[in-house]
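Only one structure is covered here, and it is reproduced in the block below.
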Amino acid sequence: MMRVTNSMIVKRTKTNINSNRAKVDHTNNQMSIQKKITKPSDNPIIAIRSLRLRSTLSTITQYYDNNIPDVESWMDCTQTAMLNMKDLITDAYKQTVYGANDVLEPENRLTILKELQSLQQQIYCEGNADYDRRTIFTGYKTNQDVTFMNSEEAKAEHYKITETFDFKDIDKKQYYKGSFDDTSDTGMIGAPGSTTMPSVPVFDEVDLNRLRLSYNNITADQNSLSITYTDPATNKKNTITLSADGSSLTSQGCTFSVQQDAANNDYISVNVPEGYFAVPSTIAGTPVPPATSAPLADGTHTVQIYSKEDYDATQVPPVKPGAVGQAVSVNYDSTADQKLTTNDLMITDNSVNPPVTKPIVYKVRDTADLKKNGYDVGANEIVFDNETGELLFQDSVAEAFDAGKASFSFTYDKNGFEEGELHPEYFFNCTRYMTERDDIVYENFDENGNWITQAIKYNIASGQQMQINTEARDVFDPNIRRDITELIDVVQMAISSENTVKEIEAKIKNGDYTADELEHLNKWLDAANKQFDYAKQNMHDTYSSYITKFQGYLDDINLGITNLGGREARVELTKNRMSVQKSTFKELKSMNEDTDLSDLVINYTAASVAYQAALQSAAKIGKMTLLDFI
């Protein structure tokens, strides 16, 4: 039997008291924080689960309380702007329907004019909407506006822009020759004392095909037109590029240009595609011009193109035996505006008998010149009106483009914009010229011609991203403002033509004229009435055709609103799911960490009773001696 000493009893009693006091303290601490553990060592399993549940709950809370509300706010701002844009286009659509009415009084036309002028200034303003000082339609460039906001700054901007079209974008438009609005006596019956009276203009309309750029007032001499088409006879695709000054063109990958030697004689220089070599006949290679040359003869000049496998500059001749080169020809005319033409795209002129086949010709002219000459666009010509930003051509050219399923790439300089016009970098490949730093190049299309999206995506749930932004090109068509401008022009033409008629009628009624002068004024009145009839008919036809256009713009923006609504619905579904997940993980976290208060009270009471009993036992044991155990 083991001997128990008094010190052993006291020591064990102290240990038991401390143990019971520790249990009281632990349960008391649990009651204070209502948690199962106070440190990981209390229960490692609960601690590990707690870390996992807290991390998951924190992530869910970030999505639910921050990311999703931010996405919803951004989309709400986008939807508001798009709905406002829809209202503006709806107003323009209503004006096209109203303007197509055959019976319009002068005040009706004036109302349409004022309404359209107001819409023209407002139409793109919704594009500058922002959320938390970030513009919502500008892709990654959220610190910029969609439109030019300041008139002075807009005028100072300079861009090089490339627009693309295809043959389906070609439309028709009526142009007028012989129009007038000068109703002064000098303009109609001549200066006082004159023996001859001015000729009465013959008013008529000219129907032309056109491709219209997104901007007008283009730099005349710094543009080029590329045409890609399929030859119906060979089913082969080819691209030709024509320059504004007519001194160079690209055909079958070879660039020909007219240059001058030391004697100021023209010679043709050719650059060939990489990996190929040119063997010229009457064409000089680049970059070295001929030392001397005779004046270049008018006519066809051909160069043979060989691949690098068939060409050896160390041999004489440099072409390997049996090699067959590709012949590429250009036509040279020293007297023409466009000195170089190509036979790769030939146009049949059916206006003469027998029909004549001619190479296509590209010219740059201004509006004044075209009006002066009655829009005399040749059967084989593409005329670029740099003031209106239109490529004009006859049916013969349009038919060739349609047969070849042509596509077009037009590169031009636009120096100076108007307040309210769209920034080109949101729609086209372009270069912004800068004065105090390097130019900015915007490549918005890949090599296949596909738009490179600038989608801003938010994480709204674990493993789930949502695009929150809508890009400008999905909502704001650059043609809307141009269409409204044309609607304004035709109604102004109708108003102006009607005023011309009234002014001549007033002259005839109230003026003091001779019989010959009155007879001449009546001829002017007949011409003015014809002009007014044409103007009214053109207004009706234009507004009728634009009903479909603006319905298309409405369809586009409705589609954008629908797409946005679909994304909003997905966000709402995710939000509901995240709400459930947040509640579920809160409950799991509570079940893992929190203790039941009733259990804590019971445990605390039990620990307290044990502690008090231990104290009482210790008090009794303290009075005992060793003799009490003998």
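The values are calculated or read from the model by the stated rules, or taken from the named source; none is laboratory data. Just so it is clear, the structure is predicted and the values come from calculations on it, not from any experiment. All Cβ positions, glycine included, derive from the backbone under ideal geometry; neighbour counts span all protein chains shown. These area figures cover heavy atoms from the full protein model, side chains too; ligands, DNA and RNA do not enter into them. Shrake-Rupley method; radii C 1.70, N 1.55, O 1.52, S 1.80 Å.
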Just wondering, is there one or more residues in the range 343-356 that are in a helix (DSSP H, G or I) and open to solvent by 20 Å² or more (accessible area, probe 1.4 Å)? no
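Only one of Ser55, Ser118, Ser41 is part of a helix (DSSP H, G or I), closer than 27 Å to Asn499 by Cβ and of a type in the set (Ser, Thr, Tyr). Can you tell me which? Before the answer, list the steps.
Working: Ser55 fails: closer than 27 Å to Asn499 by Cβ; Ser41 fails: closer than 27 Å to Asn499 by Cβ.
Answer to the selection: Ser118.
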Which residues, taken from the range 382-406, are charged (D, E, K, R) and either in a strand (DSSP E or B) or on the phi < 0 side of the Ramachandran plot (or both)? Asp385, Glu387, Glu390, Asp395, Glu399, Asp402
Here the residues within the range 246-264 that are open to solvent by 10 Å² or more (accessible area, probe 1.4 Å) and within 33 Å of the chain's Cα centre (by Cα) are Ser247, Ser248, Thr250, Gln252, Gly253, Thr255
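Any idea which of Ala379, Ala368 is open to solvent by less than 70 Å² (accessible area, probe 1.4 Å), over 15 Å from Glu163 (Cα atoms) and in a helix (DSSP H, G or I)? Step through it out loud before you land on a result.
Values: Ala379 fails: in a helix (DSSP H, G or I).
Step by step, each of Ala379, Ala368 is checked, and only Ala368 is open to solvent by less than 70 Å² (accessible area, probe 1.4 Å), over 15 Å from Glu163 (Cα atoms) and in a helix (DSSP H, G or I).
Does Asp489 satisfy being open to solvent by 40 Å² or more (accessible area, probe 1.4 Å) and in a helix (DSSP H, G or I)? Give the derivation first.
Working: open to solvent by 40 Å² or more (accessible area, probe 1.4 Å): yes; in a helix (DSSP H, G or I): yes.
Yes; evaluated as a whole, the condition is true for this residue.
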What pairs can you find where one residue is in the range 508-534 and surrounded by 13 or more Cβ atoms within 10 Å (Cβ to Cβ) and at pLDDT 90 or above, the other is among the charged types (D, E, K, R) and in a helix (DSSP H, G or I), and their Cβ atoms are less than 6 Å apart, with a gap of 6+ or different chains? Phe532/Glu498
Give me the residue from the range 285-306 that is in contact with a strand residue (DSSP E or B) (Cβ under 9 Å, 6 or more places away or on another chain) and at pLDDT below 65 and, out of that set, most open to solvent (accessible area, probe 1.4 Å). Pro287
Can you tell me which of (1) crowded, with 19+ Cβ neighbours inside 10 Å; (2) on the phi < 0 side of the Ramachandran plot is the one Asp102 doesn't meet? (1)
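Restricting attention to the range 121-144, which residues are in a helix (DSSP H, G or I) and open to solvent by 80 Å² or more (accessible area, probe 1.4 Å)? Walk me through how you get there before you give the answer.
So the first thing to find is which residues in the range 121-144 are in a helix (DSSP H, G or I), and the list is 121-122, 125-128.
Result: Gln121, single match.
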Out of all the residues in the range 251-261, which are charged (D, E, K, R) and part of a strand (DSSP E or B)? none
Only one of Tyr442, Tyr426, Tyr458 is over 25 Å from Leu554 (Cβ atoms), within 19 Å of the chain's Cα centre (by Cα) and open to solvent by less than 50 Å² (accessible area, probe 1.4 Å); which? Tyr442
State all residues of the range 64-98 that are open to solvent by less than 60 Å² (accessible area, probe 1.4 Å), acidic (Asp, Glu) and over 18 Å from Asp130 (Cα atoms); if no residue qualifies, say none. Asp91
Residues in the range 418-455 that are of a type in the set (Phe, Trp, Tyr), touching a Ser or Thr at 6+ places or on another chain (Cβ under 8 Å) and part of a loop (DSSP other than H, G, I, E, B) total 2
Would you check which residues across the range 133-167 are more than 21 Å from Val475 (Cα to Cα) and out of contact with any strand residue (DSSP E or B) (no Cβ under 6 Å at 6 or more places or on another chain) and list them? Asn150, Ser151, Glu152, Glu153, Ala154, Lys155, Ala156, Glu157, Phe167
